[in-house]
Amino acid sequence: MQTDVLIVGAGPVGLTLAIALGQHGVRATLVEQKAAPQFLPKMERCNARTMEIFRRMGLAEKVRAAGLDASVPMDVYIVLAMNEPPLLHLPYPSVAESREEIRQCHDGTMPLEPYQLVSQYTLEPLLKAEAESLPSITVRYACEFLSLEQDEAGVTATIRSAGGATEELRAAYLVGCDGGGSAVRRQLGIRLRGEGDILRLRQALYCCDRLFDMVPIGDGPGKGRHYHVADDKATFLIMQDSTRHWTLHATVERDADMAAQFEKTVAVPVDYDMLYVGEWKQNLLLADHYQRGRVLLAGDAVHLVIPTGGLGMNSGVGDAIDLAWKLAATLAGWAGPNLLASYEAERRQVGDRNVGASRYASLGRRKWRAQYRPDIRDDTPAGRAARESLVRVADVEQRKSNEMIGAELGYRYVASPIVWEEPGGPEHLFREYQPTTWPGARLPHVWLDDGTALHDRIGGGYTLLKLGGTEADASGLAKAFAELGAPFSVLTIDDERPREVYGHDLILTRPDLHVVWRGNRPPDDPRHVAAVVTGHRHWAE
Ligand SMILES: Cc1cc2nc3c(=O)[nH]c(=O)nc-3n(C[C@H](O)[C@H](O)[C@H](O)COP(=O)(O)OP(=O)(O)OC[C@H]3O[C@@H](n4cnc5c(N)ncnc54)[C@H](O)[C@@H]3O)c2cc1C
């Protein structure tokens, strides 16, 4: 085998997977068709869960240092133009303000890390450098995946490097992180289902040194993240992480129209350079499968959402982190067959829910935009009525895009083959997050009495949390995991708060901090529990 895992595609998902595998000591090669990361606008917001994941990977502070300053607010505005009073102002806290809220929150309802605004063109080079620094990871740009064949023992991929020469690479597993047009997915004959090509928009990237400092312009809106223009072109101005770069989306006819659209939106003369214009399509699509044999798929290769709600890359980072420890465990030899198979069972349901959340948010945006009338600017009863009606609808509907805490933190792996199932469980809500330790859920964040986070005390294997002063004997579980060769440790926490929030004396978590079992006394059959959560047996067997 030339490598253990061959990753196709160095977008944010492939790069995150490479780093996570490298941190597990897995040998992996990442191939990317582009010669280098590109300065093209795409995502700009890592959500709170992604930042928690980056914290566990030791990346959160680096990402914050490269991203938007912590003091800048995330306010969202609906405007007629940037120099006129906003029609609607939805205030959202800066990272610094969010951190303070989180510091004071002790009931498990908030994430350990706030979101971070960081443009994809800033994040990708950072992740690339990180992947390249890991001894077991090989990163090859200007290297295109062409085809694959798989057999019982591995996958052989044909790739073409910059000079045009083709070569074969043999790996135990291949992961397609090659985006919406995924050649890997097409080779496997896996279909995307749902709604494709819903709307086409143009997107442009501008460098405008003075705009951020000029805001507010006259009595226009204040500093913020998003400025939606109430027009019939779906115009939408977004501040990027440097505050010197801005993107604008609009349904205009021609690339050249994007200059006039920017000027119309800003509404006062400014010097700027239009660095890029391109067309993109809105899709709501989900792949039928995430795995076939030794080939797996992650990120946009298996789910395409409308960026409304910011669940694109963020869902893909969740895929990468779920897959990394399962591949590492399988290659290390202690995983049962259900462990890797659980990747599709767990992550496809999240992909499905996030496509639904994105649909819900984008329908909200469509609803308020449908209130636009050509006379919306007029100082007439009809003009005033149009403005009032748009604001009334937008005040409800626009929030759907910006308040998705349930989709971000509240996902729970239902009926996973590697979770000790408790039938029932709380409903998934896109807009609300209720902390829970129901098996399959992310362990809620709680502060310990000394001000440190419980999450930070949990290591990289399976961890039994002993809470509330329980005297329960953990030796049965310790022995059962040891027999399987799986990493296991016990963490005793006497502070009262974790016991209150988690609701049980004993919580068993896995490497990605999802709960796999809970109880108030040790399991009757610890061997059975250990065998299920490591993928050797089904809980109902
Ligand atoms: C306008 C816009 C705004 C967005 N905003 C957000 C946001 O705020 N938050 C969010 O979470 N998401 C957002 N998204 C979505 C986000 O950009 C994508 O979900 C994310 O880029 C997906 O990452 P990925 O790594 O799966 O795929 P990609 O980023 O598409 O990366 C795939 C990589 O694979 C490479 N590749 C493809 N084929 C091959 C091949 N044959 N051989 C080798 N390499 C190959 C490509 O060159 C590419 O580098 C936005 C998207 C758009 C368009």
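Yes or no, residue by residue, for (1) aromatic (Phe, Trp, Tyr); (2) farther than 30 Å from Tyr227 by Cα; (3) at pLDDT 95 or above:
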{"residue": "Leu331", "(1), (2), (3)": "no, yes, yes"}
{"residue": "Leu340", "(1), (2), (3)": "no, yes, yes"}
{"residue": "Glu346", "(1), (2), (3)": "no, yes, yes"}
{"residue": "Gln349", "(1), (2), (3)": "no, yes, yes"}
{"residue": "Ala385", "(1), (2), (3)": "no, no, yes"}
{"residue": "Ser401", "(1), (2), (3)": "no, no, no"}
{"residue": "Gly424", "(1), (2), (3)": "no, yes, no"}
**Item:** First in the stretch 175-195 and free of Cβ contacts under 8 Å to residues at least 24 places away in the same chain and under 14 Å from Gln291 (Cα atoms), second anywhere and part of a loop (DSSP other than H, G, I, E, B) and near the ligand (Cβ under 7 Å from one of its atoms), Cβ under 9 Å, 6 or more apart
**Value:** none
**Prompt:** Right, Gly108: modelled with pLDDT of 95 or more and away from the ligand (no atom under 16 Å from the Cβ) or not?
**Reply:** yes
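Okay, residues lined up against (1) touching a Gly at 6+ places or on another chain (Cβ under 9 Å); (2) in contact (Cβ under 8 Å) with a residue 24 or more places away in the chain; (3) not charged (D, E, K, R):
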{"position": "Gly425", "(1), (2), (3)": "yes, no, yes"}
{"position": "Tyr433", "(1), (2), (3)": "yes, yes, yes"}
{"position": "Thr436", "(1), (2), (3)": "yes, yes, yes"}
{"position": "Ala441", "(1), (2), (3)": "yes, yes, yes"}
{"position": "Asp449", "(1), (2), (3)": "no, yes, no"}
{"position": "Leu454", "(1), (2), (3)": "no, yes, yes"}
{"position": "Ile458", "(1), (2), (3)": "no, yes, yes"}
{"position": "Tyr462", "(1), (2), (3)": "no, yes, yes"}
{"position": "Leu465", "(1), (2), (3)": "no, yes, yes"}
**Request:** Name the single residue, out of those in the stretch 265-303 being charged (D, E, K, R) and buried (at least 17 other Cβ atoms within 10 Å of the Cβ), that is farthest from the ligand (Cβ to nearest atom).
**Result:** Arg294
**Item:** Identity of the residue in the stretch 1-48, β-branched (Val, Ile, Thr) and within 12 Å of the ligand (Cβ to nearest atom), that ends up farthest from Ala328 (Cα to Cα)
**Value:** Val31
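Residue by residue, here is whether (1) in contact (Cβ under 8 Å) with a residue 40 or more places away in the chain; (2) within 30 Å of Gly181 (Cβ to Cβ); (3) of a type in the set (Phe, Trp, Tyr) holds:
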{"site": "Pro111", "(1), (2), (3)": "yes, no, no"}
{"site": "Lys128", "(1), (2), (3)": "yes, yes, no"}
{"site": "Ile137", "(1), (2), (3)": "yes, yes, no"}
{"site": "Tyr141", "(1), (2), (3)": "yes, yes, yes"}
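Out of curiosity, is Arg185 under 15 Å from Leu304 (Cβ atoms) and away from the ligand (no atom under 16 Å from the Cβ)?
Working: under 15 Å from Leu304 (Cβ atoms): yes; away from the ligand (no atom under 16 Å from the Cβ): no.
Criteria not met by Arg185.
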**Asked** What about Tyr92, is it in contact (Cβ under 8 Å) with a residue 40 or more places away in the chain and either more than 20 Å from the chain's Cα centre (by Cα) or surrounded by fewer than 20 Cβ atoms within 10 Å (Cβ to Cβ) (or both)?
**Response** yes
**Request:** Can you confirm whether the stretch 43-63 contains a residue that is touching a helix residue (DSSP H, G or I) at 6+ places or on another chain (Cβ under 7 Å), crowded, with 21+ Cβ neighbours inside 10 Å and of a type in the set (Phe, Trp, Tyr)?
**Result:** yes
**Prompt:** Pick from the stretch 372-402 the residues that are free of Cβ contacts under 8 Å to residues at least 40 places away in the same chain and not in a helix (DSSP H, G or I): which of them is surrounded by the fewest Cβ atoms within 10 Å (Cβ to Cβ)?
**Reply:** Asp379
**Asked** Got a number for residues in the stretch 403-423 being farther than 21 Å from Leu339 by Cβ, touching a residue at least 40 places away in the same chain (Cβ under 8 Å) and assigned to a loop (DSSP other than H, G, I, E, B)?
**Response** 1
**Message:** For the structure I just gave you, tell me whether Thr330 is in contact with a helix residue (DSSP H, G or I) (Cβ under 8 Å, 6 or more places away or on another chain) and either surrounded by fewer than 18 Cβ atoms within 10 Å (Cβ to Cβ) or in a loop (DSSP other than H, G, I, E, B) (or both).
**Reply:** no
**Asked** What do you reckon, is Arg170 in contact (Cβ under 8 Å) with a residue 24 or more places away in the chain and either part of a strand (DSSP E or B) or in contact with a Lys or Arg (Cβ under 7 Å, 6 or more places away or on another chain) (or both)?
**Response** yes
**Prompt:** Could you list, in sequence order, the residues of the stretch 192-231 that are surrounded by 16 or more Cβ atoms within 10 Å (Cβ to Cβ) and among the acidic types (Asp, Glu)?
**Reply:** Asp231
**Asked** So is Val76 surrounded by fewer than 24 Cβ atoms within 10 Å (Cβ to Cβ), under 30 Å from Tyr372 (Cα atoms), more than 9 Å from the ligand (Cβ to nearest atom) and in contact (Cβ under 8 Å) with a residue 12 or more places away in the chain or not?
**Response** yes
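The values are calculated or read from the model by the stated rules, or taken from the named source; none is laboratory data. Remember, it's a predicted structure, so these values are computed and weren't measured experimentally. So basically every Cβ, Gly included, is an ideal-geometry build from the backbone, and we count neighbours across all protein chains shown.
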